[in-house]
Amino acid sequence: MSAAGTEGRCLGLIGGLGPGATVHYYREIVAAHAAQGRVPKMLIAHADVGRVYAFAGAKDYDGLARYLNGFIESMAAGGAEFTAIVAATPHICTPQLAAVSPLPLIDMLAEVAAAVRGRGLERVALLGTRFTLETRLFGQLEEAIMPKPDETARIGDIYGELVAGRAAPAQIDELRSFARTFVKRDGAQAVLLAGTDLSGVLTPDNCDFPVIDCARIHIEAIVRRMIG
């Protein structure tokens, strides 16, 4: 079979949120294709994480959708057939983005919510940005455990350091400590890594609590769509 024959549908990936998450998605998508003797087709656009957080913080979801849609339109013109975003926070504008996007969106939040329901989980905890925690994954997981306000603030601060590439090992240990608290104190059946940058630092191998990697669920959904 020729290389062209192993190509599937073309993905338009919105990255830059942060760069480490983009690299993680790229590597995992390439590896999944290689395991099946395939060659991925994708375009990657670099969005500015600072602008995304500014839109989200101001609750300007229409503005955020317009900003992201600019990248989607460019990738659609380049041949992308569907799109995905390599971070949870930008999904806060999914309804607004779906209304204007020329491409279908593989929605991380919907994929994660379906996976949680599919596993029969009733109480889950989240680690991620402040927006993700305070909104229980933007309303997708009403059953999610809500951390205390000071816990939410601290987790958000550490996540910001992680995105910037400045998180120290002691801060990663703090995240593990929060997760253990949610399991022991609040009865969480699993802890969702609701931030792509967590995937590289918290894994089932280095955590002594049940972990669900939202990025992994999202990547698997993307690969299924690409390979078809």
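The values are calculated or read from the model by the stated rules, or taken from the named source; none is laboratory data. The structure displayed is predicted, hence computed values, not measured ones. Cβ sites come from the backbone with ideal geometry, for glycine too, and all protein chains shown count toward neighbours.
A few notes on this one:
- Being crowded, with 20+ Cβ neighbours inside 10 Å and in contact (Cβ under 8 Å) with a residue 60 or more places away in the chain holds for only one residue in LEU64, LEU68, LEU13, and it is LEU13.
- Matching residues, region 97-109, being surrounded by fewer than 22 Cβ atoms within 10 Å (Cβ to Cβ) and touching a residue at least 12 places away in the same chain (Cβ under 8 Å): ALA99, VAL100, SER101, PRO102, LEU103, PRO104, LEU105, ILE106, ASP107, LEU109
- Qualifying residue in region 103-116 (condition: touching a Lys or Arg at 6+ places or on another chain (Cβ under 9 Å) and closer than 19 Å to HIS24 by Cβ): yes
- Test for VAL112: is it surrounded by 22 or more Cβ atoms within 10 Å (Cβ to Cβ), of a type outside the set (D, E, K, R) and closer than 21 Å to GLY18 by Cα: yes
- Test for GLY79: is it among the small types (Gly, Ala, Ser), assigned by TED's automatic domain parsing to the domain that holds LEU43, exposed (fewer than 14 other Cβ atoms within 10 Å of the Cβ) and not in a helix (DSSP H, G or I): yes
- Subset tally (residues that are on the phi < 0 side of the Ramachandran plot, over 19 Å from the mean Cα position of the chain (by Cα) and not in a helix (DSSP H, G or I)) for region 181-228: 9
- Of all the listed residues (THR83, THR6, THR89), the sole one being at pLDDT below 95, touching a helix residue (DSSP H, G or I) at 6+ places or on another chain (Cβ under 9 Å), of a type in the set (Val, Ile, Thr) and closer than 20 Å to ALA194 by Cα is THR89.
- For region 143-180, filtering for residues that are free of Cβ contacts under 8 Å to residues at least 12 places away in the same chain and assigned to a loop (DSSP other than H, G, I, E, B) leaves 3.
- Where GLY128 falls short, out of the listed (1) small (Gly, Ala, Ser); (2) at pLDDT 90 or above; (3) surrounded by 14 or more Cβ atoms within 10 Å (Cβ to Cβ); (4) within 18 Å of ILE212 (Cβ to Cβ): (2)
- Region 20-40 residues that are in the same structural domain as VAL163 (by TED's automatic domain parsing), paired with ones that are modelled with pLDDT of 95 or more and surrounded by 19 or more Cβ atoms within 10 Å (Cβ to Cβ) (beta carbon under 9 Å, 6 or more apart): none
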